[in-house]
1. Which members of region 217-237 meet the condition of being loosely packed, with under 15 Cβ neighbours inside 10 Å and in contact with a helix residue (DSSP H, G or I) (Cβ under 7 Å, 6 or more places away or on another chain)?
2. So if I check each of Leu476, Leu366, Leu433, which one is under 24 Å from Ser348 (Cβ atoms) and open to solvent by less than 60 Å² (accessible area, probe 1.4 Å)?
3. Residues that are closer than 18 Å to Leu484 by Cβ and in contact (Cβ under 8 Å) with a residue 40 or more places away in the chain: does region 598-605 have at least one?
4. Which residues, taken from region 124-159, are of a type outside the set (Asp, Glu), closer than 18 Å to Gly183 by Cα and surrounded by 14 or more Cβ atoms within 10 Å (Cβ to Cβ)?
5. Could you check Gln520 against (1) among the polar types (S, T, N, Q); (2) modelled with pLDDT of 95 or more; (3) in a loop (DSSP other than H, G, I, E, B) and say which number it fails?
6. Suppose we keep only residues that are in contact (Cβ under 8 Å) with a residue 60 or more places away in the chain and under 21 Å from Ala371 (Cβ atoms) within region 305-326. Which one would you say is surrounded by the most Cβ atoms within 10 Å (Cβ to Cβ)?
7. How about region 74-92: which of its residues are open to solvent by less than 50 Å² (accessible area, probe 1.4 Å) and either over 19 Å from Glu143 (Cα atoms) or under 60 Å from the mean Cα position of the chain (by Cα) (or both)?
Amino acid sequence: MPSNFIIDVRLKENDTVLQLPVLRDAGLTKLHQRTAQALQTAAGAQQAELAPPPAGSSLVHFLTQAGKYFGKDPTKWEAVGQGKVDVIEDEAAEIRTIRTTTICWGNKLSLLVSTPFYDPRLPANANDPDLDFSQAQIELNTEADWQKFTADQPWSPTTRRHNIGFLLKAKLLTGDAALQLEGAHGMWELSVNKAHHADMVEDLLEALLVQLACPDLQVVQAAAAAVWGCATSSRTRHLLTEIGAVEALLSMLQKTLTMDPPASGDVADASVGQDASSASPQQSERDQLQGFLLGALSVLLVDGACRAPLLAAEPGLASLIKLCSRLAGYSQPWQGERRTLAARTLCSCIQRDSQVRRSIITSGSLPAIMALMQKTPESESGGGDTAVRFCMAAALAGLILDEEAMEVVVQRQEAAPLFENCLSLLARTLESLEPQAQEMTDRDTAVKLAEAAGQAVWGSAYHTIATPGGIKAAHLSLLSHMALHTIENRHVPLGKVAHCLAATLATLASDAAVAQLAMQADSNIVQALLQLITTSDDDAFAGAGHVRAAAATAISFLACHPIGAKGDECMWGPYREALLEAGALRVLLEAALAPTEDDNCRKVIEKAAAVGVMYLCTVAAALDSNCLAMLAEVMGRTSQLDTTEYLMAGMWILLRTPANRALLSTAFDPKKVAGTSHKFAFRSKMKDTIGVHELTESHTTSAQPGLLSSSRRTSVDCFS
């Protein structure tokens, strides 16, 4: 349906403005006519023009109505002076002609339309009329001009944004710094509202990107801010990527890194202690520009399509890594803000994209990332240290989960340095959380950093095992020390860190060479693991179930060695006697019986305890009644079939010892053994097992091996 609108009209020599409606809806036109007639009838003949008729849909009608309102009716003519009378007689024809000539005057109106975005500073553009804003007014001479002018009236929001875009594009392409700044700033104003992004076209964004190479840094700042705002929508983000926004932003960022710092003052000292109030104008301008460029790039890089051109231009992300570092010539607080923003951007890319992870590794940038986690000397410390370390630890924790990427890390022999750097960062962070430590005042940030570092330690330990000599005894000692620290330091919530450390020890315990280091005489690994198994939840420590599960798994791995043995070889292990002497069997059974809120953790603890108990039973002789009773209790409680099988295998092994058989034969009588409260369904099977072992022993003592003795036949008869 055609839209109706109002036009502001004034005479050229008069400042009076009238608002004339243009009604293109037939229904509204008839309604207006009836209303006008009613008003005229009520007002009388003297007020016939009280209700002005609406302007029509043609140029002539509009000019006629507008002229009437201003007293310039183009349809009326008035005589000037006396008319001239000429009498012409034709005697031959006997005809007399009287001709009266009168001079009249009237009004001829022309319509001049004021252009809404006229700017006398903009040059004429005959090649592209959409970009020509040099004319203050345009004359409509023909009906075609009028119809073209009114066709899109009133402007829809889309039409208005398109026309504003033409104006901004015209300013951006002028080459005049002031106009370019206005155009870039206008683009930023449009970009902050995501509803405007749908009407931004590619050529307008191209004109904006050109400004990133402008010699005027203020223009570049405004353009980068506009790109930042446009990058928040998927559509404009893809358009920007297609026309080279990532490359343009990266190129300008690289230029800012080469800008000369201020000549006055000590640059080295300025990078640490100088604040923004003492920075030079050039330095502040560069810092602000870096902020806009980094912000725009960080938002673009959340999209995988935008990361591809970044890797093509800079496979090792050297510029981002450099921006994460402490640089000379930067004041506070921008030094820390710049490092934090760059670190977050780098971390986001590594965590999101496997191609980024592989590119960083193959290009040799991993050592530079690890260097960002190292301790900073007091004389060189600057803002953002904690944030940068956290982002790098979080990035590495994500990288470690990428099997293909870690294969390349192992091939490049960088797994061991990765593990050592993460371990060192975790140790320093936990040390800063000591009550007497003054280094880190933000406890919550330090806890998050410790959790990220702990995850990175856990993941990197798995791949470091593949490197001969990658894990050293000192690493194990530090791990066990930190694990005990996390469960003892109850004033800080370190449950997740304790879980990571216990899981790291479990991962390392599965390797034969590392297990040998862990079981050295001067090692305290076993004692630390046993303490971790007995930890419990409280108000200050959450996640004890996960810690117990990981620690129980570590003890079970140590008991399993040699892993992969079959048959009778499984009945011996190099560390089982030491574990048994340390009380591992009893601790595992107690852990399996201890209440655990998380059902998944309970199942893991039961299974890990069952495996460890099974292997420890191979070297266990006579056990006391409490251990046997707990073994039977766990077997009765568990609902996991494989856990029951492991426990049954361990009990079968224990029944080889006569003392255990004698005790177990009455172990289910609550009057005989303390701690047992009920009978079990497998009691008859237990008696059968005891009978078989006794039968076997009687067979081995018979005079003729291989033949059944009378005592053996008697036993069979008794248990048949």
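The values are calculated or read from the model by the stated rules, or taken from the named source; none is laboratory data. Treat the numbers as computed from the prediction; the structure is a model and nothing was measured. A quick note on method: Cβ atoms are made from the backbone with ideal geometry, for glycine too, and the neighbour counts reach across all protein chains shown. Ligands, DNA and RNA are excluded from the accessible area calculation, which covers all protein heavy atoms including side chains. Shrake-Rupley method; radii C 1.70, N 1.55, O 1.52, S 1.80 Å.
1. Passing the criteria: only Arg235.
2. The match here is Leu366.
3. no
4. Those that are of a type outside the set (Asp, Glu), closer than 18 Å to Gly183 by Cα and surrounded by 14 or more Cβ atoms within 10 Å (Cβ to Cβ): Asn125, Leu131, Phe133, Ser134.
5. So the condition that Gln520 fails would be (2).
6. Cys324
7. Across region 74-92, the qualifying residues are Gly83, Asp86.
For every residue, the table says whether it meets (1) free of Cβ contacts under 8 Å to residues at least 12 places away in the same chain; (2) farther than 21 Å from Thr464 by Cβ; (3) crowded, with 21+ Cβ neighbours inside 10 Å.
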| residue | (1), (2), (3) |
| --- | --- |
| Ala502 | no, no, yes |
| Leu505 | no, no, yes |
| Ser510 | no, no, no |
| Leu517 | no, no, no |
| Asp522 | yes, yes, no |
| Ile525 | no, no, yes |
| Asp538 | no, yes, no |
| His546 | no, yes, yes |
| Ala549 | no, yes, yes |
